[in-house]
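Asker: There's a structure below that I have some questions on.
What follows is calculated from the coordinates using simple rules that are stated; it is not laboratory data. Please read these numbers as outputs of a predicted model, since none were measured by experiment. Cβ coordinates were reconstructed from backbone atoms using ideal geometry, including for glycine residues, and neighbour counts include every protein chain displayed.
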Amino acid sequence: MRRHHDMGGLDADAVEQTEHDYSPWEKRVDAIMRLLSDEKRLVMTVDELRRGIENLGPGAYDEYNYYERWISSITNILIEKGVITVDELGAKMEEAKARWQETQT
Amino acid sequence: MNARFAVGDKVRVREAYPPGHIRTPHFIRGKEGTVTAVIGDFANPEELAYGRPGIPKQTLYWVAFPQTGLWPDYAGPEHDTAVVDVFDHWLVGEQQ
């Protein structure tokens, strides 16, 4: 059976041909992946990144944009490998959210 | 490099649908094509995807598939091909 991400040959919408810039957070995700996969660190491979993206499931795979898929996959793989824990990640996300909320008042 | 196939060899892609990370797109599985280049030996991405070393390395080929063999409603010229990267372990010789 064809898996969801294996889309070669399916009908598709028109290709958007305009140039676009990347948000700072997207550039940061790209940099994180390059550092994690470089020859010195070798924390994870691009093959693991791809496997993690394929495993997001049809819902998230379609809804997330390119770098949202990357950071979701990177996060799951770092948890799998024990580089970060779910608890650490949850605490950091709350911290970041609180910092962001302060800027909104 | 000890490639099993050479340029010009007729090959068939295994018709298999295992779970996991696979680089062989579904639309060429079970299809016949012709080797157009022997690219080199690479660690197996199906293993690298799970944090393993991917050894033994697998030979990667370019295989050309007639478009009319891939898509039942293909309306382009008869000689059109799609060239796809395929690793050795996905290929069988046409006689096998």
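Asker: Of the GluC sites (Glu not before Pro) in region A:1-71, which ones lie in a loop per DSSP and count no more than 11 other C-beta atoms within 10 Å? Working shown, then result.
Answerer: Working: sites: A:GLU16, A:GLU19, A:GLU26, A:GLU39, A:GLU48, A:GLU54, A:GLU63, A:GLU68; in loops: A:GLU16, A:GLU19, A:GLU39.
Passing both the DSSP loop test and the Cβ count: A:GLU16, A:GLU19, A:GLU39.
Asker: Once every DSSP H run of n ≥ 4 in chain A is given -39500 (n - 2.57) and the sum is divided by its residues, what mean residue ellipticity at 222 nm do you get, rounded to the nearest 500 deg cm²/dmol? Don't skip to the end; give the middle numbers.
Answerer: Working: 5 runs with 62 residues, N = 105.
-18500 deg cm²/dmol, from helical runs alone.
Asker: Angle check, please: helix A:66-80 long axis (alpha carbons) against the longest principal axis of chain A (alpha carbons), in degrees 0 to 90, nearest 10.
Answerer: 60 degrees
Asker: Then there is this: Take every Cα pair under 8 Å in chain B that's 6+ residues apart, average their separations, divide by the length, and report that relative contact order as a whole percent.
Answerer: 30 percent
Asker: Also, quick follow-up: When the helices in chain B are scored as -39500 (n - 2.57) per DSSP H run of 4 or longer and the sum is shared across all residues, what 222 nm value do you end up with, to the nearest 500 deg cm²/dmol? Could the numbers behind the result be given before it?
Answerer: Details: 2 runs with 8 residues, N = 96.
Only helices count here, giving -1000 deg cm²/dmol.
Asker: Could you give each residue of region A:88-102 its phi-based ³J(HN,Hα) in whole Hz, using Karplus coefficients 6.51, -1.76, 1.60 with θ = phi - 60°, and x for Gly or Pro?
Answerer: So the Karplus estimates, Gly and Pro as x, are 4, 5, x, 5, 5, 5, 5, 4, 5, 5, 5, 4, 5, 5, 4 Hz.
Asker: Something else: If I fit a long axis through the Cα atoms of helix A:24-37 and take the longest principal axis of the Cα atoms of chain A, what angle between them do I get, 0 to 90°, rounded to 10?
Answerer: Once rounded, one gets 90 degrees.
Asker: Quote the relative contact order of chain A in percent (integer), defining contacts as alpha-carbon pairs under 8 Å separated by 6+ residues.
Answerer: Values: 47 pairs, mean separation 23.1, N = 105.
This gives 22 percent for chain A.
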